[in-house]
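Colleague: Take a look at this one; I'll ask things after.
The values are calculated or read from the model by the stated rules, or taken from the named source; none is laboratory data. Bear in mind that the values here come from a model prediction, so they are computed numbers and not experimental data. Cβ coordinates were reconstructed from backbone atoms using ideal geometry, including for glycine residues, and neighbour counts include every protein chain displayed. The area values use the complete protein model at the heavy-atom level, side chains included, leaving out ligands, DNA and RNA. Shrake-Rupley method; radii C 1.70, N 1.55, O 1.52, S 1.80 Å.
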Amino acid sequence: MITCGVEIKSNEAILCLLSKDRGLFQIIDCRQIRIPLVQSEDTEAMRKYQFTLKKLFEDYKVNQVAIKERPTKGKFAGSSAGFKIETAIQLIDSVDVKLISTNELKESIKANPFPIPFSDTGLRAFQEGAFSVAYAVSSAL
């Protein structure tokens, strides 16, 4: 099973592909690890953005997408473009989409710690949130 972890920051989705087969995890190289949404107010740009994500999920045979949930209020609230990205992903009908709250993420990682330090994964530092959410959802299976 292939899981795509997504962390949304400002107006871009940061991705990490993770597969789990018989209890073993493998990080999958992806052609695009950052997908920015340039014009969130334009309907055609939103359709193109969603198509880009759907095509990527189809090409890599992604079964599920895990999105790190962001608060809707307060100091750390997400941007409107970020929520549009989240919605565009949720409306892709070919994958199962799960939103993971920060508390659920922490509990899952506490119950199933990373087998190796993040620095040894070969991923970029900005992908840590996307990796964490993909790992948390995959390890729960």
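Colleague: For the cross-link pairs Lys48/Lys106; Lys48/Lys98; Lys55/Lys98, which exceed 30 Å when the distance is taken from alpha carbon to alpha carbon? Can you show the working numbers first?
Modeller: Numbers: Lys48/Lys106 34 Å; Lys48/Lys98 22 Å; Lys55/Lys98 19 Å.
Beyond 30 Å: Lys48/Lys106.
Colleague: Per q in 0.20 1/Å, what log10 I(q)/I(0) does a Debye calculation on the alpha-carbon atoms of the chain return?
Modeller: So the normalised log intensities are -1.24.
Colleague: Rounded to the nearest 500, what is the 222 nm mean residue ellipticity of the chain from helices alone, with -39500 (n - 2.57) per DSSP H run of 4+ residues and division by all residues? Before the final figure, lay out the partial values.
Modeller: Working: 4 runs with 50 residues, N = 141.
Helix contribution divided over all residues of the chain: -11000 deg cm²/dmol.
Colleague: Moving to a separate point now. For the stretch 1-73, with every protein chain kept in place, what is the accessible area per residue (1.4 Å probe, Å²)?
Modeller: 58
Colleague: Please report the relative contact order for the chain, taking Cα pairs under 8 Å with a sequence separation of at least 6, and give it as a percent rounded to a whole number. Numbers along the way, then the final one.
Modeller: Values: 226 pairs, mean separation 48.6, N = 141.
Worked out over the chain, it gives 34 percent.
Colleague: Tell me which residues come under 5 Å, amide H to amide H, from Ile28 once H is placed; ignore anything under 5 positions away on its chain.
Modeller: HN-HN under 5 Å from Ile28: Leu17, Leu18, Ser19.
Colleague: Tilt of helix 80-90 relative to the longest C-alpha principal axis of the chain, in degrees (0 to 90, nearest 10)?
Modeller: The helix 80-90 is inclined about 60 degrees to the chain.
Colleague: Could you work out how far helix 102-111 tilts from the main Cα principal axis of the chain, as a 0 to 90 degree angle to the nearest 10?
Modeller: On a 0 to 90 degree scale, this one is about 20.
Colleague: Next question. At R0 = 30 Å, how high is the FRET efficiency between Asp29 and Ala77 if r is their beta carbon distance? Nearest 0.05 is fine.
Modeller: Values: r = 33 Å, r/R0 = 1.10.
Approximately 0.35, to the nearest 0.05.
Colleague: Can I ask one more? Quick one: which of 63-74, 116-127 comes out on top by average Cβ neighbours within 10 Å, and what's the full order, highest first?
Modeller: Values: 63-74: 16.5, 116-127: 12.0.
The peptides rank, most packed first, as 63-74, 116-127.
Colleague: Given 5 Å bins starting at zero, what is the percent of C-alpha pairs of the stretch 69-119 in each, up to the one with the largest pair distance?
Modeller: Each 5 Å bin holds this share of Cα pairs: 5, 16, 17, 19, 18, 17, 9, 0.
Colleague: Restricted to Cα positions, what overall size does the stretch 1-44 have along the principal axes? Three whole-Å values, descending.
Modeller: 43, 17, 15
Colleague: Listed highest first by mean packing, meaning other Cβ atoms within 10 Å per residue, what order do 31-37, 109-115, 7-13, 48-54 come in? If you can, show how the numbers build up before the last one.
Modeller: Values: 31-37: 13.6, 109-115: 11.6, 7-13: 19.0, 48-54: 17.4.
Going from most to least packed, we get 7-13, 48-54, 31-37, 109-115.
Colleague: Pop out the carbon and sulfur fraction of the accessible area of the stretch 1-99 as a percent, whole number, probe 1.4 Å.
Modeller: Values: 2860 of 5720 Å².
Exposed carbon and sulfur together represent 50 percent of the surface.
Colleague: Using alpha carbons only, how many degrees (0 to 90, rounded to 10) separate the axis of helix 43-59 from the longest principal axis of the chain?
Modeller: 30
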